[in-house]
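Since the structure comes first, as structure tokens, the remarks are kept for the end.
The values are calculated or read from the model by the stated rules, or taken from the named source; none is laboratory data. Computed from a predicted structure; not experimentally measured. Ideal geometry is used to build each Cβ from the backbone, glycine not excepted, and the neighbour counts take in all protein chains shown.
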Amino acid sequence: MTRTKPSVEILSTGRFLPPRILTNQDLEKMVDTSDTWIRDRTGIRERRIVDDGVTASDLAEASARKALDRAGISPAEIDVLLVSTATPDRWLPSTACHLQARLGANRCFAADVHAACSGFLYNLALAEGFLATGRGDTALVVATEVMSSIIDWDDRSTCVLFGDGSGAAVLRRSSGTRGLLSHHHRSDGSLSHLLHRPAGGVEHPLDSEGLDRGDHLVKMAGREVFKSAVRAMADASTEALKAAGVSVDEVDLMIPHQANIRIIEATARYAGIPMERVYVNLDRFGNMSSASIPVALDECLEEGRIGKGDLVLSAAFGAGLTWGASVMQF
Ligand code: ACO
């Protein structure tokens, strides 16, 4: 196959996980569930949860500083700052602006792009577009999620799934052969009811009855989301590989969104990638929404699971519905 020539590369990554661990055994004491059920149905053993008062920009600053330090880039060099989060510090202004001020990134534009669990891959594509068209040299892409703040801790079907965390990547225009090779992203808002927070926006403002009912918390039709996720991530992977001119056998590592081990296994099977070449960390962190992929990417780079020249396929799926896949060479 003819390979696409990249024009933007991932220079470095960083991650931050809050230290507090919530195990399945802890959840057994909170709702009617069991460690066995959670492990068998999801693959999750434990997740990280922030202490009270910790915000998305707190986590974001920690992961961003690690990525910037590793790249040897100062905040003042950032031209583009994109943040993905389903749990912004405030509705107005963006969490990206909070982060911009905290980092002292004084010459960038900063914005949140909200695509739920697909947010990191969406933002990689957007940042690449800005850099590749010459509207900047350096981008910082951060995904940061305090999922524990929007979970219904009385709903056993969702509260066992999610965790908090943040991951970041520094992108630079590249003249070499390494970098982002392709993206394939899609959305389908007609299925928004499968995974959403019904109240708290302008459409359904939160009143005291809604607050009591928990209408502002995550509602999910788990089985339907499951089926859509597998099909969408497998299709997007195939399309992204085709666009990159990379065959499935050439993929050294797949980093899927970490939602459920059964979704990951089924997606890998449909995409034609054996599980030995698929990275999984959801047993330790649960589903950190858009932060899942950059945290996994950072672990893989740190542990040497990704070496120089390796081809990596990443696929995501989330509320919206949104989904997509990216192919990159390191
Ligand atoms: N502990 C024990 N029993 C439970 C629990 C729990 N934590 N949660 C649900 N159950 C029960 C249900 O009540 C149901 O009982 P019933 O048969 O008596 O009615 C039974 O288990 C089966 O429920 P299902 O929902 O059919 O179980 P399923 O095998 O589908 O697993 C799960 C549920 C894990 C949520 C699965 O559907 C799933 O992973 N879906 C995808 C969710 C996901 O990944 N969402 C995020 C993707 S997008 C994003 O990341 C934002």
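Quick notes
- The single condition among (1) modelled with pLDDT of 95 or more; (2) in a loop (DSSP other than H, G, I, E, B); (3) in contact with a strand residue (DSSP E or B) (Cβ under 9 Å, 6 or more places away or on another chain) that residue 58 does not satisfy is (2).
- The set of residues in region 26-55 that are within 16 Å of the ligand (Cβ to nearest atom), crowded, with 19+ Cβ neighbours inside 10 Å and either in a helix (DSSP H, G or I) or polar (S, T, N, Q) (or both) comprises 27, 38, 42.
- Close pairs from region 97-119: first over 28 Å from residue 197 (Cβ atoms), partner more than 16 Å from the ligand (Cβ to nearest atom) and part of a loop (DSSP other than H, G, I, E, B), Cβ under 6 Å, at least 6 apart: 105/78; 108/78; 108/79
- Only residues that are touching a residue at least 40 places away in the same chain (Cβ under 8 Å) and more than 16 Å from the ligand (Cβ to nearest atom) were counted in region 6-25, giving 13.
- Test: residue in region 170-178 that is under 24 Å from residue 245 (Cα atoms), touching a residue at least 24 places away in the same chain (Cβ under 8 Å), away from the ligand (no atom under 14 Å from the Cβ) and assigned to a helix (DSSP H, G or I): no
- Residue 166 hydroxyl-bearing (Ser, Thr, Tyr), within 16 Å of the ligand (Cβ to nearest atom) and under 20 Å from residue 66 (Cα atoms): yes
- If you filter region 146-178 down to residues that are of a type in the set (S, T, N, Q) and surrounded by fewer than 17 Cβ atoms within 10 Å (Cβ to Cβ), you find that the one that is farthest from residue 108 (Cα to Cα) is 157.
- Residue that is surrounded by the fewest Cβ atoms within 10 Å (Cβ to Cβ), among those in region 215-231 that are more than 9 Å from the ligand (Cβ to nearest atom) and aliphatic (A, V, I, L, M): 217
- Cβ-Cβ distances below 6 Å connect the following pairs, each with a first residue in region 311-324 that is surrounded by 24 or more Cβ atoms within 10 Å (Cβ to Cβ), a second residue that is part of a strand (DSSP E or B) and among the β-branched types (Val, Ile, Thr), and a separation of six or more residues or different chains: 313/327; 314/255.
- Identity of the residue in region 249-277, of a type in the set (Val, Ile, Thr) and within 16 Å of the ligand (Cβ to nearest atom), that ends up farthest from residue 226 (Cα to Cα): 255
- Residue check, residue 239 out of contact with any strand residue (DSSP E or B) (no Cβ under 9 Å at 6 or more places or on another chain), more than 10 Å from the ligand (Cβ to nearest atom) and either at pLDDT 95 or above or among the basic types (Lys, Arg) (or both): no
- Qualifying positions in region 186-216 - hydrophobic (A, V, I, L, M, F, W, C) and part of a helix (DSSP H, G or I): 191, 194, 211
- Of the residues making up region 151-185, those that are under 23 Å from residue 96 (Cβ atoms) and in contact with a Ser or Thr (Cβ under 6 Å, 6 or more places away or on another chain) are 164, 166, 167, 168, 169, 170, 172, 183.
- The set of residues in region 69-109 that are out of contact with any helix residue (DSSP H, G or I) (no Cβ under 7 Å at 6 or more places or on another chain), within 23 Å of residue 151 (Cα to Cα) and of a type in the set (A, V, I, L, M) comprises 92, 96.
- For region 241-259, the set of residues classified as surrounded by fewer than 24 Cβ atoms within 10 Å (Cβ to Cβ) and either of a type outside the set (A, V, I, L, M) or in a helix (DSSP H, G or I) (or both) consists of 242, 243, 245, 247, 248, 249, 250, 252, listed by residue number.
- Exclusive hit being farther than 21 Å from residue 185 by Cβ, under 16 Å from the mean Cα position of the chain (by Cα) and either part of a helix (DSSP H, G or I) or not charged (D, E, K, R) (or both), set 276, 265, 299: 299
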